[in-house]
Ligand SMILES: [Zn+2]
């Protein structure tokens with residue numbers, strides 16, 4: 001909620017800094033006029049940002065300020081990014097007929113609209129009552145809070161509907177491609193000696209790259225790995241921390257070194273120049289005997 005100062009925009013200012021036909025000021029660079037314009041434009045910019053981000057936002061002014069004649073204010077209305085509503089504070093329990101205008105986005109601000117019921121007396125806004133009349137009554141404050149509550153509730157509901165949780169390593173696209181195609185085994189082998197599973201998986205990618213370098217050079221292969229640790233090690237070119245202390249020191253860097261050489265020298269260089277590595281995806285394999293051997 002934004003309430004830029006209305007002093008230089010007020011019709012009560014004398015002598016007037018602005019006119020309804022010159023809302024930017026008779027002398028736009030005069031210090032107070034310029035400050036008022038800057039604060040108004042920043043407020044309108046924030047409201048436009050709220051509209052762009054589909055977040056609730058509300059700018060409040062007295063009902064008849066010259067600020068409403070700024071082309072930026074009018075543009076927000078004409079573009080359908082904001083709506084304008086007004087309310088008489090006496091309808092919210094004030095003794096004054098002070099009227100406010102609300103420029104809002106993402107809020108059911110039409111609910112704020114109240115006219116004077118013309119069945120009561122008003123205390124004229126002058127002298128000591130001038131400042132007092134600008135204070136929201138409790139009823140108006142509650143109405144504004146309720147308005148924001150409803151706007152935020154709708155915003156969160158829409159966010160839940162349109163933004164499903166996307167955390168995690170799996171990709172719908174990758175899983176779908178893997179499940180919807182038929183595959184065949186090209187190579188299989190036994191690992192000669194026991195070592196950490198991350199090292200074994202990284203060495204498998206090394207074998208695959210050697211194969212690709214000979215059979216499909218100058219291509220950008222997409223490699224899907226079961227191991228996110230192995231994949232991350234390849235992308236970062238760092239040994240998996242889990243590999244240390246398992247009697248396999250030196251093997252991780254060796255595989256990474258081999259993979260780097262394959263990228264640069266055996267026709268997969270284009271991939272390296274573009275993205276540092278061939279495109280990689282992770283996909284969990286639910287049955288993985290080697291993981292059992294590694295005690296995972
Ligand atoms: Zn009234």
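I want to confirm something. Restricting to the range 143-176 and keeping residues that are in contact with a helix residue (DSSP H, G or I) (Cβ under 9 Å, 6 or more places away or on another chain) and modelled with pLDDT of 90 or more, which single residue is surrounded by the fewest Cβ atoms within 10 Å (Cβ to Cβ)?
By that ranking, first place goes to 146.
Under 7 Å between Cβ atoms, at least 6 apart or on separate chains: pull out the pairs that start in the range 117-129 with a residue that is within 14 Å of the ligand (Cβ to nearest atom) and end on any residue that is at pLDDT 75 or above and assigned to a loop (DSSP other than H, G, I, E, B).
Pairs found: 122/95; 122/96; 122/97; 123/95; 123/96; 125/96; 125/98.
Which numbered condition in (1) loosely packed, with under 11 Cβ neighbours inside 10 Å; (2) at pLDDT 90 or above; (3) not in a helix (DSSP H, G or I) is the only one that residue 102 fails?
(1)
So which residues in the range 213-241 are crowded, with 19+ Cβ neighbours inside 10 Å and modelled with pLDDT under 70, if there are any at all?
The answer is 239, 240.
Is it true that some residue in the range 74-87 is within 14 Å of the ligand (Cβ to nearest atom) and surrounded by 13 or more Cβ atoms within 10 Å (Cβ to Cβ)?
Scanning the range 74-87, I find at least one residue that is within 14 Å of the ligand (Cβ to nearest atom) and surrounded by 13 or more Cβ atoms within 10 Å (Cβ to Cβ), so the answer is yes.
Can you pull out every residue in the range 43-63 that is at pLDDT below 95, more than 16 Å from the ligand (Cβ to nearest atom) and part of a loop (DSSP other than H, G, I, E, B)?
Selection gives 54, 55.
Sort out which residues of the range 135-187 are in a loop (DSSP other than H, G, I, E, B), over 31 Å from the mean Cα position of the chain (by Cα) and farther than 30 Å from residue 221 by Cα, and write them in order of number.
Hits for the range 135-187 are 135, 136, 137.
Can you find a residue that is within 16 Å of the ligand (Cβ to nearest atom), within 19 Å of residue 3 (Cα to Cα), surrounded by fewer than 17 Cβ atoms within 10 Å (Cβ to Cβ) and in the same structural domain as residue 12 (by TED's automatic domain parsing) anywhere in the range 108-115?
yes
The values are calculated or read from the model by the stated rules, or taken from the named source; none is laboratory data. Since we're looking at a predicted model, the values are computed, not measured. Note that we place each Cβ from the backbone using ideal geometry, even for glycine, and neighbour counts take in every protein chain shown.
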